[in-house]
Amino acid sequence: MPLISVRNLAVTLNNHRVLDGVAFDVDAGDIVAIIGPNGSGKTTLLRAMLGLVPYTGEVSVLGLAPGRRPSLSSKIGYVPQRLEFDRTMPVTVRELLSIFLAKGRTPDRPMLRLVGVETLLDRMVGILSGGEFQRVLLALALLNRPEILFLDEPASSIDIEGAQEMYNLIEALRKEKGITVLLVSHDVANSKVAVSGSG
């Protein structure tokens, strides 16, 4: 059984048909990239799969409809394209992670090391580079050890070198942690690199 199954998905927003008849499966351990130009509905598709926008059709994530069971949220990591967060707040990376960590859980140090955040723990969030902040967002999505990672334009706000590092991290997460990844991107060249090692 696929980890993610989408059948005849359609989304209408503001009386405009954004998506129609979308269907695909994602198997465990895959990295799947949804690639297309800006405004083509990629983010809407991701949000529908997460139960964040209304849709018709069928979506199954880990055997459940999105947004229907609270237990599902702990098995999914999500990095949105934009995060409304005031980076001028006087907070360290360690403090930021502790805010989002489930009660009673401790950070997965090997995971933090893998995504390059362990050395940033005592840095103030406001002085991080774009690439460093993106790795922190990735670490936030991984805090509760999800089985599936949803990424919306994970390299959109960083330079070419940083984007390549991000895609390398995604492949490492699949290879070393067995995490299934679904990402959206308009970056055709680098996204192909990201999915080249998927099973």
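The values are calculated or read from the model by the stated rules, or taken from the named source; none is laboratory data. Since we're looking at a predicted model, the values are computed, not measured. We place every Cβ from the backbone using ideal geometry, glycine too, and count neighbours over all the protein chains shown. Ligands, DNA and RNA are excluded from the accessible area calculation, which covers all protein heavy atoms including side chains. Shrake-Rupley method; radii C 1.70, N 1.55, O 1.52, S 1.80 Å.
Just so you know, in the range 21-53 the residues that are within 15 Å of the chain's Cα centre (by Cα) and β-branched (V, I, T) include one that is surrounded by the most Cβ atoms within 10 Å (Cβ to Cβ), and it is I31. Among the numbered conditions (1) modelled with pLDDT under 85; (2) assigned to a helix (DSSP H, G or I), the only one that L96 does not meet is (1).
Using the structure shown, decide if L138 is closer than 22 Å to E95 by Cβ and either at pLDDT 85 or above or out of contact with any helix residue (DSSP H, G or I) (no Cβ under 8 Å at 6 or more places or on another chain) (or both). So L138 passes the test. Scanning the range 41-64 for residues that are closer than 12 Å to I76 by Cβ and of a type in the set (A, V, I, L, M) gives L46, M49, L50, L52, V61, L62, L64.
Picking from residues in the range 1-20 that are touching a residue at least 12 places away in the same chain (Cβ under 8 Å) and either of a type in the set (G, A, S) or not in a strand (DSSP E or B) (or both), the one that is least open to solvent (accessible area, probe 1.4 Å) is A10.
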